[in-house]
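Contents: one structure, followed by commentary.
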Amino acid sequence: MTKYRSIFLSDIHLGTRGCQAERLLDFLREHESEKLFLVGDIIDFWAMNRTIHWSPLQNTLVQKVLRRARHGDQVVLIPGNHDEALREYVDTSFGDIQVVRELIHTAADGRRYLVLHGDEFDQVTRHHRWVAVLGDIAYNFLVRLNAWLSWLRRTLRIPGYWSLAGYAKRRIKSAVSFIFDFEDSVIHAVRERGLDGVICGHIHSAAIREVGGLTYINCGDWVDSCTAIVEHADGRMELIAWGAVKPVGLTLAAVAA
């Protein structure tokens with residue numbers, strides 16, 4: 001069991017078949033923290049409007065998070081676009097879980113990070129919602145297809161976890177990045193507010209990197225990549241990929257090297 005100052009998770013998408021609840025439960029059993037930040041799209045109300053897939057493991061995951069909050073961990077929920085209905089409850093609490101639109105997190109080393117989901121910087125989500133919804137339906141189809149491919153890989157004893165949906169999203173993202181540059185938009189907003197960096201989610205693309213003297217951190221997701229951001233006692237940020245054959249970590253220091 002490893003204890004961190006903070007853990008940041010985003011894009012869990014509870015209520016969908018693609019949610020990797022079992023992997024996230026395994027991660028949380030091995031990693032404790034004083035603070036737990038849920039950085040948007042924790043529950044997928046978009047998908048649940050079409051069909052609901054709520055497994056016993058997803059219920060266990062919710063209970064584990066609630067138990068952490070009851071036992072004294074600071075748990076903060078920042079709604080995303082898929083659970084935007086929860087934005088009506090910003091600045092209130094569900095039991096011991098605080099709901100906020102965004103926050104500024106001061107790390108142990110004094111660096112200040114803007115923590116938010118990030119959908120407000122996605123021009124498709126903001127101005128062309130029908131395109132986003134259509135893309136979400138296609139993405140969920142790939143997730144369902146990936147379940148069959150995962151069964152085939154297990155049958156053939158092919159090690160590791162590979163996501164067809166994640167692969168397709170990465171290929172499409174690289175093709176249209178010149179039109180909608182999410183990361184640059186987020187960094188521009190952080191620079192205007194005089195902060196040191198940002199911790200966000202939304203695009204299902206985990207990263208820690210320096211951009212123009214500021215730190216861009218994306219939590220990734222628990223559908224494709226199964227990644228989390230952790231803050232060590234000294235303020236050092238690390239990206240942990242729990243979906244790999246062997247869990248790997250990427251630190252800000254390693255990126256800067």
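The values are calculated or read from the model by the stated rules, or taken from the named source; none is laboratory data. Remember, predicted model here, so these are calculated numbers, not experimental data. Ideal geometry is used to build each Cβ from the backbone, glycine not excepted, and the neighbour counts take in all protein chains shown.
When the residues of the range 217-236 are filtered to those that are touching an Asp or Glu at 6+ places or on another chain (Cβ under 6 Å) and of a type outside the set (D, E, K, R), the one that is nearest to Phe8 (Cα to Cα) is Val230.
Mind counting the residues in the range 36-52 that are touching a residue at least 24 places away in the same chain (Cβ under 8 Å) and surrounded by fewer than 16 Cβ atoms within 10 Å (Cβ to Cβ)?
Total meeting the criteria: 2.
Of all the residues in the range 205-237, those that are free of Cβ contacts under 8 Å to residues at least 60 places away in the same chain, crowded, with 23+ Cβ neighbours inside 10 Å and not in a strand (DSSP E or B) number 1. In the range 53-61, the condition of being hydroxyl-bearing (Ser, Thr, Tyr), outside any helix (DSSP H, G or I) and either without any contact (Cβ under 8 Å) to a residue 12 or more places away in the chain or surrounded by fewer than 13 Cβ atoms within 10 Å (Cβ to Cβ) (or both) is met by no residue. For Arg70, the conditions (1) more than 15 Å from Glu231 (Cα to Cα); (2) under 17 Å from the mean Cα position of the chain (by Cα) all hold with the exception of (2). If you go through the range 12-32 and pick out every residue that is buried (at least 16 other Cβ atoms within 10 Å of the Cβ), in contact with a Leu (Cβ under 9 Å, 6 or more places away or on another chain) and not small (Gly, Ala, Ser), you end up with 6. Scan the range 1-20 residue by residue and report those that are free of Cβ contacts under 8 Å to residues at least 60 places away in the same chain and either out of contact with any Asp or Glu (no Cβ under 7 Å at 6 or more places or on another chain) or under 23 Å from His202 (Cβ atoms) (or both). Those that are free of Cβ contacts under 8 Å to residues at least 60 places away in the same chain and either out of contact with any Asp or Glu (no Cβ under 7 Å at 6 or more places or on another chain) or under 23 Å from His202 (Cβ atoms) (or both): Leu14, Gly15. Residue count for the range 85-100 under the criterion of being of a type in the set (Val, Ile, Thr) and part of a strand (DSSP E or B): the result is 3.
For the range 209-222, a residue qualifies if it is more than 12 Å from Glu183 (Cβ to Cβ) and in contact with a Ser or Thr (Cβ under 7 Å, 6 or more places away or on another chain), and the qualifying residues are Cys219, Gly220, Asp221. The set of residues in the range 1-50 being at pLDDT 95 or above, closer than 14 Å to Trp222 by Cα and of a type in the set (S, T, N, Q) consists of Ser10 alone. The set of residues in the range 1-35 that are out of contact with any Cys (no Cβ under 9 Å at 6 or more places or on another chain) and under 16 Å from Ala233 (Cβ atoms) comprises Met1, Thr2, Lys3, Tyr4, Arg5, Ser6, Ile7, His31, Glu32, Ser33, Glu34, Lys35. Candidates in the range 105-125 are the residues that are over 27 Å from Lys64 (Cβ atoms), within 18 Å of the chain's Cα centre (by Cα) and of a type in the set (A, V, I, L, M, F, W, C); of these, the one that is surrounded by the most Cβ atoms within 10 Å (Cβ to Cβ) is Phe121.
Taken over the range 1-15, the criterion of being closer than 10 Å to His31 by Cα and either basic (Lys, Arg) or touching a Gly at 6+ places or on another chain (Cβ under 8 Å) (or both) is satisfied by Lys3 alone. When His202 is tested against (1) part of a loop (DSSP other than H, G, I, E, B); (2) more than 16 Å from Gly80 (Cβ to Cβ); (3) touching a helix residue (DSSP H, G or I) at 6+ places or on another chain (Cβ under 8 Å); (4) at pLDDT 90 or above, exactly one condition is not met: (2).
Within the range 84-104, the set of residues being closer than 23 Å to Lys64 by Cβ and free of Cβ contacts under 8 Å to residues at least 12 places away in the same chain comprises Tyr89, Thr92, Ser93.
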